[in-house]
Amino acid sequence: MALKRWRWVLGPVLAALLVAVVVLPPQVPARAHPLLGVVWGYYDFVYQTGNGHSPYANDVQYARQTQQARLRHAILADSIVAVARGPRALISGDGLVTLAYETPLTADSARFWLNAVTRELALYPRGPTPGMRLVVALLSDPVRARPGNPEARYERGIQELLDQAVAAGACVVTVNLLPNNWRRLTIGHDLAGKPVSRLLGACALYARFGAPGAGVSRWAAPEFNNYWRDPLTVQLREARRSVRRYEVPRDIDYWNGSPWFGAVRWVAVGCLRGAAALCLRASGLGPQLDSPFPFYRDVWLPRTQLVAHLLATGTPEQFAVFWHSPRPAADALASAYGEPAGRLAMSAFQHWYTAPAPGTPWGSARDSLVGLVWIGLALALAVVAGRRWTTEI
């Protein structure tokens, strides 16, 4: 086994040295090779023209899209809150949940959903102080699905309007029930066989604990906006019982598991093997990979699982202190729970995941071959970049 390990380690190194000796013989630096220079110049031209005249164009576009989304959310939240005061709204017996519905739903159908959401909210611990009003809107009007409706493409399966919660005085959740729209499984059953919804995320925390502090909000908001994940309710129920731990895969599945995207997997593996600093990074509490592309980030250790673990293992008073803290999320965690944030994250993630067994190669023979190709490409680019300059003595 030891011989195989040294073969995996030294093989790529020796191959890289051989390529370096062949490709980079001692010589006086010269100008770029004509053919490679043409290719490099064409790449520069495409890059410059494709990114516009200003290097800040993407930032401006992102800011404009963010403001447009906030405007849409504000209009939608105001209209839902207004409907929640009218005849097409039902209020739970404890007054914590308001459900607004539209045609063709009837009051009986709406009451079914109201009871399911009320049972879901009851799964969350109650904070020491009253939380925020929870408003759930069932979107079922067929007019919304018409191709000419400009808002149709924005009405996702389940959406929480967190950015408007404070201004609207309520955390609004929209549930799209239209048949031509993708939606997750939103209804389950408790031990008594009664229906329980599975649609709440951050709005359940808003309803139980109120709005979060600035630092915690900045940390939690990106993860709660990932609607392809399991709802927080599902993760909370998993955190309260023993689950079959999932082994973190050795590479990312993007583009059929291309190995050059697998480097970030080491963050999750190191965290699960006891490196608290890597748990900070994986959970978003510490330094992050500075990349706009999501496939360069580890997505196997979501922040919502850390939140669910805190709710399941700590006290409501501890979570309230953390949730309302204005400090950065890592400092707020350590202050509220009396333990370093990295260790808290490690404990949470080890409930769901396990690292691959040590002592085996990280990749396959195909991975090594592709790695050698990339080493050769990197050396070739280094030659091109080095020969773009002329040294005068």
Does Ala137 satisfy the condition of being crowded, with 16+ Cβ neighbours inside 10 Å and in contact with a Phe, Trp or Tyr (Cβ under 6 Å, 6 or more places away or on another chain)?
no
When you go through (1) of a type in the set (A, V, I, L, M, F, W, C); (2) at pLDDT 90 or above; (3) part of a loop (DSSP other than H, G, I, E, B) one by one for Val234, which number turns out not to apply?
(3)
Could you tell me whether any residue of the range 352-374 is in contact with a Cys (Cβ under 7 Å, 6 or more places away or on another chain), modelled with pLDDT of 85 or more and either closer than 18 Å to Ala220 by Cα or not in a helix (DSSP H, G or I) (or both)?
no
Pair list, Cβ < 8 Å and 6+ apart or interchain, from the range 325-346 residues that are over 15 Å from Leu280 (Cα atoms) to residues that are open to solvent by 10 Å² or more (accessible area, probe 1.4 Å) and among the charged types (D, E, K, R):
Ser325/Asp331; Ser335/Arg327
In the range 85-131, residue most open to solvent (accessible area, probe 1.4 Å) [restricted to those that are within 28 Å of the chain's Cα centre (by Cα) and among the β-branched types (Val, Ile, Thr)]
Thr118
Among the numbered criteria (1) assigned to a loop (DSSP other than H, G, I, E, B); (2) modelled with pLDDT of 80 or more; (3) under 30 Å from Pro130 (Cα atoms); (4) of a type in the set (D, E, K, R), which single criterion is violated by Arg218?
(1)
In the range 55-84, what count of residues is obtained for those that are closer than 27 Å to Leu121 by Cα and open to solvent by 80 Å² or more (accessible area, probe 1.4 Å)?
3
Does the range 91-108 hold any residues that are assigned to a loop (DSSP other than H, G, I, E, B) and either without any contact (Cβ under 8 Å) to a residue 24 or more places away in the chain or more than 17 Å from Ala77 (Cα to Cα) (or both), and which are they?
Ser92, Gly93, Asp94, Gly95, Leu96, Thr103, Pro104, Leu105, Thr106
May I ask you to say which residue of Ala277, Ala211 is modelled with pLDDT of 85 or more and within 28 Å of Pro356 (Cα to Cα)?
Ala277
Output yes when any residue across the range 132-140 is touching a helix residue (DSSP H, G or I) at 6+ places or on another chain (Cβ under 7 Å), more than 26 Å from Pro104 (Cα to Cα), in a loop (DSSP other than H, G, I, E, B) and at pLDDT 90 or above, and no when none is.
yes
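The values are calculated or read from the model by the stated rules, or taken from the named source; none is laboratory data. Treat the numbers as computed from the prediction; the structure is a model and nothing was measured. Positions of Cβ are backbone-derived with ideal geometry, glycine not excepted, and every protein chain shown enters the neighbour counts. When the accessible area is computed, the model is the full protein with side chains, heavy atoms only, and any ligands, DNA or RNA have been set aside. Shrake-Rupley method; radii C 1.70, N 1.55, O 1.52, S 1.80 Å.
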